[in-house]
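Here the structure comes first, spelled out in structure tokens, and everything after it is commentary.
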Amino acid sequence: MGNQTSRIDQHGSNDPCLDNMKEIHDSNSQDPFKRQYSLPSISNEHDRIKPRKQSSPAAVDPTRRKQLRKFFFRNNTTPSSPLIKGDIPHVQLATSSCSTFQSQRYIHPLTTTSSFHSIDHYSENDPCSTSIDTPRYTIQDDERDYNYATIQNRTYRIASNSSYLLPCDDEEVDRLHLQHFMIRFAIQGNYLAPVHDLLRKGGRVLDVGCGPGAWSMEIAGEYPKSVITGIDMAPLFPRDIKPTNCAFYQSNILNKLPFEDSSFDYIFMRFMNQAISIEQWDDVLSELNRVLKPGGWIEWVEADVEIHRPGPNTKEFNQKLIELMQQRHQDPFIGRNLKEKLKEIDQFIYISSMFVSCPGGQWAGKLGQLTIQSWKAYYRALGPLLCDLWDINEKEYMERLKQCWREADEYKTFENIHFCYAQKKSS
């Protein structure tokens with residue numbers, strides 16, 4: 001794992017995923033993003049990194065959703081709204097107090113209007129302002145001013161300055177956990193930045209867009225001397241059962257963060273591209289630079305939305321997703337440019353980038369099984385918006401989607417996940 005060759009080039013592997021990918025690997029490809037790697041090359045010009053091995057978790061079983069909710073999801077996170085059916089997206093807006101508007105409007109579920117707004121709530125006992133040995137955690141809970149949209153039985157949270165495409169409900173929590181398991185298995189660890197010693201000795205960590213908090217809690221459990229703070233626009237994170245050195249804030253990264261300058265030693269941000277427009281990225285990175293300590297590390301992970309070696313139906317789905325993101329002024333290909341975006345800030349050194357190809361389907365072993373399950377959950381979550389864009393009903397959408405999963409094995413489809421990390425200049 002520490003050498004400069006991909007694991008695909010190693011001999012004597014018993015991993016069917018690696019064997020299959022080695023067979024189809026094309027080292028002469030003119031497009032570097034079309035090369036298939038099961039794991040990235042874990043090395044750079046200034047350090048050699050060896051991620052910790054971790055057991056490969058099973059995918060989330062929907063039958064265990066009630067047990068998972070007990071630990072990862074609060075029942076009152078999203079409002080109780082009736083199912084709205086129909087081929088045309090019929091959206092009902094509701095506040096978290098479950099009161100509804102008397103009139104219903106036909107709008108895109110994430111369209112922002114003057115009536116949509118977001119209020120961030122923070123703890124008065126900021127873990128970044130207390131002793132790292134005795135952190136205190138309380139979270140103020142007042143969601144009366146948050147709005148939600150329900151469409152095809154999926155719940156979306158509305159914020160005035162956010163174009164986030166995905167829901168915030170029980171099923172989305174399952175998907176986020178599954179996605180976390182997939183990435184952790186793909187890189188055999190939770191991060192690539194050279195921060196092991198920093199975390200072991202005790203550092204302050206910010207998890208941007210923490211979702212249900214899987215990454216935060218795993219890091220907190222592995223490094224008890226560090227303080228982990230997760231932030232997310234939607235309160236999907238656990239409120240009660242969590243490590244004592246882990247705290248969560250309901251906070252929108254598109255607003256000013258409630259932390260002092262130079263508060264964190266390490267900032268981790270993963271899969272935020274579908275919440276942030278092209279025009280907003282400079283402000284987001286500038287704000288993260290503000291709260292990162294000189295000499296601290298930032299790690300940024302994004303998927304390249306373009307699917308490689310797709311079948312005809314998969315390609316059509318992929319093009320519709322790209323079109324949807326472009327309509328929302330989001331960059332579907334930002335994963336390929338993470339290094340360049342950090343360079344533009346002109347505050348970082350030792351900028352390293354790499355990518356890992358995640359194949360989907362039975363043809364690619366354990367990683368393929370995790371990836372295909374993640375894809376299925378992802379495109380189900382996008383269903384309401386893609387149905388609207390495509391002008392098809394839910395039944396037709398799901399039938400077309402089934403063809404994509406068959407094509408994944410036939411065409412040996414894969415996606416690329418891009419990783420980039422850098423250190424902030426000391427002065």
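For residue 156, the conditions (1) in contact with a Phe, Trp or Tyr (Cβ under 9 Å, 6 or more places away or on another chain); (2) at pLDDT 90 or above; (3) aromatic (Phe, Trp, Tyr) all hold with the exception of (2).
Is it the case, given these coordinates, that residue 306 is surrounded by 21 or more Cβ atoms within 10 Å (Cβ to Cβ) and outside any helix (DSSP H, G or I)? So residue 306 fails the test. Once the stretch 146-187 is narrowed to residues that are of a type in the set (A, V, I, L, M) and touching a Gly at 6+ places or on another chain (Cβ under 8 Å), the residue that is surrounded by the fewest Cβ atoms within 10 Å (Cβ to Cβ) is 173.
Against the conditions (1) in contact (Cβ under 8 Å) with a residue 24 or more places away in the chain; (2) closer than 20 Å to residue 426 by Cβ; (3) more than 17 Å from the chain's Cα centre (by Cα), residue 343 satisfies every one except (1).
Taken over the stretch 338-352, the criterion of being open to solvent by less than 60 Å² (accessible area, probe 1.4 Å) and touching a helix residue (DSSP H, G or I) at 6+ places or on another chain (Cβ under 9 Å) is satisfied by 341, 342, 345, 348, 351, 352. When the stretch 309-337 is filtered for residues that are part of a helix (DSSP H, G or I), crowded, with 22+ Cβ neighbours inside 10 Å and either within 16 Å of the chain's Cα centre (by Cα) or free of Cβ contacts under 8 Å to residues at least 24 places away in the same chain (or both), the ones remaining, listed by number, are 334, 335. Considered as a group, the residues in the stretch 244-283 that are free of Cβ contacts under 8 Å to residues at least 40 places away in the same chain and of a type in the set (Asp, Glu) include one that is farthest from residue 379 (Cα to Cα), and that residue is 261.
Among the residues of the stretch 224-243, is there at least one that is open to solvent by 10 Å² or more (accessible area, probe 1.4 Å), modelled with pLDDT of 95 or more and within 21 Å of residue 295 (Cα to Cα)? Taking every residue of the stretch 224-243 in turn, at least one turns out to be open to solvent by 10 Å² or more (accessible area, probe 1.4 Å), modelled with pLDDT of 95 or more and within 21 Å of residue 295 (Cα to Cα). How do the pairs read when you match residues in the stretch 209-238 that are closer than 25 Å to residue 161 by Cα with residues anywhere that are open to solvent by 10 Å² or more (accessible area, probe 1.4 Å) and basic (Lys, Arg), using Cβ under 6 Å and keeping only pairs 6 or more apart or on different chains? So the pair list comes out as 234/157. Only one entry of 328, 290, 336 meets the criterion of being at pLDDT below 95 and of a type in the set (D, E, K, R), and that entry is 328.
The values are calculated or read from the model by the stated rules, or taken from the named source; none is laboratory data. Please read all numbers here as calculations on a predicted model, not as lab measurements. Note that we place each Cβ from the backbone using ideal geometry, even for glycine, and neighbour counts take in every protein chain shown. Accessible surface areas use protein heavy atoms only, side chains included; no ligands, DNA or RNA. Shrake-Rupley method; radii C 1.70, N 1.55, O 1.52, S 1.80 Å.
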